[in-house]
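Structure first, commentary second.
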Ligand code: SF4
């Protein structure tokens, strides 16, 4: 498929090099978004490109001078890229304080990445369903809006924000359609290719991504797919980072296929649409409070991650779940036992894999995934 190859090609270059080239070609400004829930629509409404930052794949050197090795890969890696000047193409950064590891990075980046002139930390309430949550969240969103407007000398109008929300919602709908197609026909693409599509959307103008998604969907509709005999797998986790593509390939090499996911570079990113309301700031606040996938970094007893994943397995008729924990992610490690109990109680096979920035060999992971797939098959 032509469009699929375009996404693969975009992913073949480190994102910071690709975005630097894009900036030179277009002359547009870019703001890096780091942390799980930066309201990108607000940046988009200023006609600035919001991009999600990742740790990349290169060895961590300068970042290791600032962080202990028991910090998660995304924190050490993004700090490393910023300290090395690889993120100097950014006109600014908005950092969502989704955990205390990220919080500590703000000062390190401010002190070392002198070429990034605007660095704005934002804080959102962690307990989602308290009486005062929405008011507190609105105050934070207003502060961010004011800060962006002051720095760039331009107002974020209600109309512009509505328009940006509309474009992002369209993206969410198109991605949901693509996911529905994959649930029905897992063979439409490799799991790694689905990740390329989402990564591209996190780092290119959403209008262009929407058009590419429409092209891709019409190409897929004309293809025919035979019955897929592979073991259907759900993936969950990998907070703040992309999945190592090697793991996605391993799942397919040993006879599995990914039918749905709750990954950060996955459905977690696009699943919660912003409702159409009169006040766009309120709508953005509601999106955070009513987020569909329960998040390990927030608390909402009415929205249980274990049950959410059990429902996902049932909906896709999957054979099991692989939970991917970013090593040293306290929030995810804390919630994981409840996910495990929920799977056990529902009789769903479940496997835990920890991933690190520095992986020397994928062989032990391959052995475990192969055994897991064989167990589901009953071999
Ligand atoms: S992976 Fe976990 S610990 Fe690391 S930045 Fe994300 S939420 Fe924080």
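The values are calculated or read from the model by the stated rules, or taken from the named source; none is laboratory data. Since we're looking at a predicted model, the values are computed, not measured. Note: ideal-geometry Cβ built from the backbone for every residue, glycine included; neighbour counts use all protein chains shown.
If you go through the stretch 100-118 and keep only what is assigned to a loop (DSSP other than H, G, I, E, B) and within 14 Å of residue 32 (Cβ to Cβ), you end up with 113, 115, 116, 117, 118.
Whether any residue in the stretch 97-105 is within 16 Å of the ligand (Cβ to nearest atom) and modelled with pLDDT of 95 or more is what I want to check. Steps first, please.
Keep residues of the stretch 97-105 that are within 16 Å of the ligand (Cβ to nearest atom), which gives 97-105.
From what is left, the residues that are modelled with pLDDT of 95 or more are none.
No.
Cβ-Cβ contacts under 6 Å between residues 6 or more apart (or on different chains), taken from a first residue in the stretch 75-88 that is in contact (Cβ under 8 Å) with a residue 40 or more places away in the chain and under 14 Å from residue 119 (Cβ atoms) to a second residue that is part of a helix (DSSP H, G or I) and within 16 Å of the ligand (Cβ to nearest atom), are listed as 87/81. Scanning the stretch 271-287 for residues that are assigned to a helix (DSSP H, G or I) and surrounded by fewer than 22 Cβ atoms within 10 Å (Cβ to Cβ) turns up 281, 282, 283, 286, 287.
Filter the stretch 288-308 for residues that are buried (at least 19 other Cβ atoms within 10 Å of the Cβ) and part of a helix (DSSP H, G or I); which is nearest to the ligand (Cβ to nearest atom)? Selected residue: 305.
For the stretch 13-32, does any single residue satisfy the condition of being in contact (Cβ under 8 Å) with a residue 24 or more places away in the chain, surrounded by 14 or more Cβ atoms within 10 Å (Cβ to Cβ) and within 16 Å of the ligand (Cβ to nearest atom)? Yes, because at least one residue in the stretch 13-32 is in contact (Cβ under 8 Å) with a residue 24 or more places away in the chain, surrounded by 14 or more Cβ atoms within 10 Å (Cβ to Cβ) and within 16 Å of the ligand (Cβ to nearest atom). Scanning the stretch 124-135 for residues that are in a loop (DSSP other than H, G, I, E, B) and surrounded by fewer than 17 Cβ atoms within 10 Å (Cβ to Cβ) gives 126, 129, 130, 131, 132. Mind checking whether some residue in the stretch 260-270 is in contact with a helix residue (DSSP H, G or I) (Cβ under 8 Å, 6 or more places away or on another chain) and farther than 30 Å from residue 135 by Cα? Yes, the stretch 260-270 contains a residue that is in contact with a helix residue (DSSP H, G or I) (Cβ under 8 Å, 6 or more places away or on another chain) and farther than 30 Å from residue 135 by Cα. Just one of (1) out of contact with any strand residue (DSSP E or B) (no Cβ under 8 Å at 6 or more places or on another chain); (2) under 21 Å from residue 143 (Cα atoms); (3) modelled with pLDDT under 95 fails for residue 67. It is (2). Please find, within the stretch 309-332, the residue that is nearest to residue 352 (Cα to Cα) out of those that are within 16 Å of the ligand (Cβ to nearest atom) and in a helix (DSSP H, G or I). So the residue we want is 332. One residue stands out among those in the stretch 42-63 that are within 16 Å of the ligand (Cβ to nearest atom) and over 18 Å from the mean Cα position of the chain (by Cα): the one that is farthest from residue 114 (Cα to Cα), which is 60. Residues that are within 11 Å of the ligand (Cβ to nearest atom), in contact with a helix residue (DSSP H, G or I) (Cβ under 9 Å, 6 or more places away or on another chain) and closer than 20 Å to residue 11 by Cβ do occur in the stretch 77-87, at least one of them.
When residue 121 is tested against (1) assigned to a helix (DSSP H, G or I); (2) without any contact (Cβ under 8 Å) to a residue 60 or more places away in the chain, only condition (1) is not met.
A residue that is surrounded by fewer than 21 Cβ atoms within 10 Å (Cβ to Cβ), within 18 Å of residue 37 (Cα to Cα) and either under 18 Å from the mean Cα position of the chain (by Cα) or within 16 Å of the ligand (Cβ to nearest atom) (or both) cannot be found anywhere in the stretch 242-261. Out of all the residues in the stretch 339-367, which are under 29 Å from residue 77 (Cα atoms), surrounded by 14 or more Cβ atoms within 10 Å (Cβ to Cβ) and more than 16 Å from the ligand (Cβ to nearest atom)? Scanning the stretch 339-367 gives 340, 350, 351, 362, 365, 366.
Condition check ((1) out of contact with any strand residue (DSSP E or B) (no Cβ under 7 Å at 6 or more places or on another chain); (2) closer than 30 Å to residue 299 by Cα; (3) surrounded by fewer than 19 Cβ atoms within 10 Å (Cβ to Cβ)) across all residues:
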position: 137; (1), (2), (3): yes, yes, no
position: 146; (1), (2), (3): yes, yes, yes
position: 149; (1), (2), (3): yes, no, yes
position: 176; (1), (2), (3): yes, yes, yes
position: 205; (1), (2), (3): no, no, yes
position: 221; (1), (2), (3): yes, no, yes
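When the stretch 151-172 is filtered for residues that are without any contact (Cβ under 8 Å) to a residue 40 or more places away in the chain, out of contact with any helix residue (DSSP H, G or I) (no Cβ under 6 Å at 6 or more places or on another chain) and under 26 Å from residue 116 (Cβ atoms), only 153 remains. Of all residues in the stretch 286-298, those that are more than 14 Å from residue 138 (Cα to Cα) have Cβ atoms under 6 Å from Cβ atoms of residues that are more than 15 Å from the ligand (Cβ to nearest atom) and outside any loop (DSSP other than H, G, I, E, B), 6 or more apart or on another chain, in 294/308.
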